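The values are calculated or read from the model by the stated rules, or taken from the named source; none is laboratory data. Worth saying up front: this structure is predicted, and the values here are computed from it rather than measured. Counting neighbours? That spans all protein chains shown, and the Cβs are built from the backbone with ideal geometry, glycine included. Quick note on the areas: whole protein, heavy atoms, side chains included, nothing else; ligands and nucleic acids left out. Shrake-Rupley method; radii C 1.70, N 1.55, O 1.52, S 1.80 Å.
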Amino acid sequence: MRFAPLVCLAAAALFSIGAAAQQILPPDVDAALIRAKVPRDAVTMLVIDAEGGKPPRLAWRSQVPVNPASIMKLVTTYAGLDLLGPAYAWTTPVYIDGPVSNGVLNGNLYIKGQGDPKMVVERLWLLMRRVQGLGIRTVTGDIVIDRSAFENQSEPDPSAFDGEPLRPYNASPDALLINFKSVVMTFVPDRQAQTAQVSFEPSLAGVAMQPSVPLAGGECGDYRGNLRADFSDPARIRFNGSYAAACGEKTWAVAYADPRSYGVRAVGGMWSDMGNQLKGQVREGRVPAGLKPAFEASSPPLAEVIRDINKYSNNVMAQQLFLTLGLQQKSRGTLDAARTALRQWWNDRIGTGEGQPVFDNGSGLSRDERITAAELAKMLVHAWRSPVMPELMSSLPATGVDGTLRKRALRSGVAAHLKTGSLRDVAGVAGFVDGESGRRYVLVAIANHANAAAARPAFDALVDWATQD
C-alpha cells in the first residue's frame, strides 16, 4: 500500500541550512553533559517545528552520521506503515496432504511461515485448534515446517553481538518465528513442600525440563544467580541451586540454547500437549507445489505490531518487518532485498542527497547502521504530514506512561512521544514533543561515546527545554 507523495520543499530547504544553523546548547543540557563526562562533540541534537518550513530551534552537529541504536526502528516502522498500510497482516497457511477420516490425517501436515512477528504461544495454540477443527487428532505422516520465505536462514551465533546468548533480544528472525525462540519459566514457591514449582512455556518436544527446585530462606537477592541454571544442553534445562521463598512468584524468559530446532520442538510440544498424536516426526521441509491451503492464520494488523516494536524496542519483530519489506517489495526475504527496498523507499519519499542512512537489519541492533539527525528529523516531519501519522505516533513510548519511557516523566509535565535507543556506547531519543504553546516539535538527540548511557539526563533536559516555547 502506497500513499501519495507529500510535498516537503520547505523541509528540504530547512535541512539544507542545517550545517549553518549550529547553536549553543541550552545551559541545562550542557551542564548535564559535563556531569555525564560526555563531550559536546559526541552528541548530535536537533529540534524543529513538526510542520516544517521554519529554522531549527536547535541544530547541533545535525549533519554528522551516527549509530542510532534502536531509534532506527522509527525508519523501519514508518516505511512499513507507508508501504504495506496499517491494516497489513501476515498469514501463516496450513496445508493437509492426504485424506482425513475418523480423526486421522493419512498424510502430512504443513505449516508455512511467512514472517509473522507475533506467533506467540497463544496464537500457536489457536492455529492448532483450527487444525483440530478440521477433524484431525492424529497425523500418520509428518508435521512439516516450511521456513523458506526468508531465504538463506543460517542461524547466527546468538552471542556474537554482545556475548549474551541467553537474552531474548538476540533472537534471530525466522519465517516461522514462534514465541521469539524463547522459553518463559515461572517460579512459584510452595512452602509446605519446601520447593518452588517451575512451569515452562512453551513445552519443547525432546527437552527435559526440571519441574521444581529446592526452596531456600533469606532475602530474595539475585534469584537468577542463586538458581545456578544450566541451559547449555539443548535436551535439558536444569537448576543446580535453590529459590528463595521471599521472592514470591517470578518469571524469567531465556533464549533457547539451540534456536535452529526451536520451531520444530515448539510445534511438537504443542501438538502433544493438546492430546494429539503424531506417527511420524516434526521436521523442516517445503510445501509441495500445487497444494492448496486448508486455512490461513492471520497476525494482528501492522498498526498493532509496531506498538510492540517501538514501545518495547523488540529487535526480532523489527527484523521480521524489515525482511517482510524485502519479501513484499522485491519478492525476496533477504537482508539485501530489504536494504534495497528501504533505500528505494527513502529516495522516493524522503529524498536523495548527502547523509543517506545506512541500513543493516532495520532494528538498530547493529554496529553498522548510520543516520544523521537532520535526515531522521526530515523523515519525522514527513511522517507528521502522512496519513499514517496517528498509527506511528501511538506506537511510540509516552513519557511517564508506558514502554521504555514509563519511568521517565518530564519535569514540565508536558507530553512527549519518543523512541529510545541504547547500545554499548550509544544512547538517544527521537520523536515528537508538545510545547507549552501548543506547537509540536520533532526532536532528535543521540550520543555515541563510551559514557553514552550517562547522557540520558541531558536528553531529558533537552526535551524539557523543547517544551518551554
(request) Determine which single condition residue 365 fails, assuming it passes every other condition in (1) open to solvent by 10 Å² or more (accessible area, probe 1.4 Å); (2) farther than 15 Å from residue 72 by Cβ. (result) (2)
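Restricting to region 276-306, count the residues that are of a type outside the set (Lys, Arg), assigned to a loop (DSSP other than H, G, I, E, B) and more than 30 Å from residue 403 (Cα to Cα). Write out each step before concluding.
Step one: filter region 276-306 for residues of a type outside the set (Lys, Arg), giving 276-278, 280-282, 284-285, 287-291, 293-306.
Narrowing further to those that are assigned to a loop (DSSP other than H, G, I, E, B): 276, 280-281, 285, 287-291, 293-294, 299-301.
Narrowing further to those that are more than 30 Å from residue 403 (Cα to Cα): 276, 280-281, 285, 287-291, 293-294.
Residues that pass the stated criteria total 11.
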(message) I'm checking my understanding of the structure. Among residues of region 352-362 that are out of contact with any strand residue (DSSP E or B) (no Cβ under 7 Å at 6 or more places or on another chain) and open to solvent by 10 Å² or more (accessible area, probe 1.4 Å), which one is modelled with the lowest pLDDT?
(response) 354
(message) Checking the conditions here, which among 339, 332, 286, 349 is in contact with a strand residue (DSSP E or B) (Cβ under 8 Å, 6 or more places away or on another chain), charged (D, E, K, R) and open to solvent by 10 Å² or more (accessible area, probe 1.4 Å)?
(response) 286
(request) Could you check, for region 262-283, whether at least one of its residues is open to solvent by less than 20 Å² (accessible area, probe 1.4 Å) and of a type in the set (Ser, Thr, Tyr)? (result) yes
(request) Within region 306-314, identify whether any single residue is open to solvent by 50 Å² or more (accessible area, probe 1.4 Å), touching a residue at least 24 places away in the same chain (Cβ under 8 Å) and not hydrophobic (A, V, I, L, M, F, W, C), and answer yes or no. (result) yes
(request) Go through the residues of region 368-385 one by one and say whether even a single one is buried (at least 17 other Cβ atoms within 10 Å of the Cβ), modelled with pLDDT of 95 or more and among the polar types (S, T, N, Q). (result) yes
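Report yes if residue 463 is open to solvent by less than 30 Å² (accessible area, probe 1.4 Å), in a strand (DSSP E or B) and either of a type in the set (A, V, I, L, M) or free of Cβ contacts under 8 Å to residues at least 40 places away in the same chain (or both), otherwise no.
Values: open to solvent by less than 30 Å² (accessible area, probe 1.4 Å): yes; in a strand (DSSP E or B): no; either of a type in the set (A, V, I, L, M) or free of Cβ contacts under 8 Å to residues at least 40 places away in the same chain (or both): yes.
The answer is no for residue 463.
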(request) Enumerate the pairs (first residue in region 225-245 and in contact (Cβ under 8 Å) with a residue 60 or more places away in the chain; second residue anywhere and open to solvent by 10 Å² or more (accessible area, probe 1.4 Å) and part of a loop (DSSP other than H, G, I, E, B)) with beta-carbon separation below 9 Å, excluding pairs fewer than 6 apart on the same chain, so at least 6 apart or on different chains. (result) 231/165; 231/166; 231/256; 231/257
(message) Just to be sure before I move on: is residue 253 within 25 Å of residue 205 (Cα to Cα), touching a residue at least 12 places away in the same chain (Cβ under 8 Å), under 27 Å from the mean Cα position of the chain (by Cα) and surrounded by fewer than 20 Cβ atoms within 10 Å (Cβ to Cβ) in the structure I sent?
(response) yes
(request) Please work out which one of (1) in a helix (DSSP H, G or I); (2) of a type outside the set (S, T, N, Q); (3) closer than 20 Å to residue 420 by Cβ; (4) out of contact with any Asp or Glu (no Cβ under 7 Å at 6 or more places or on another chain) is the condition residue 317 fails and give its number. (result) (4)
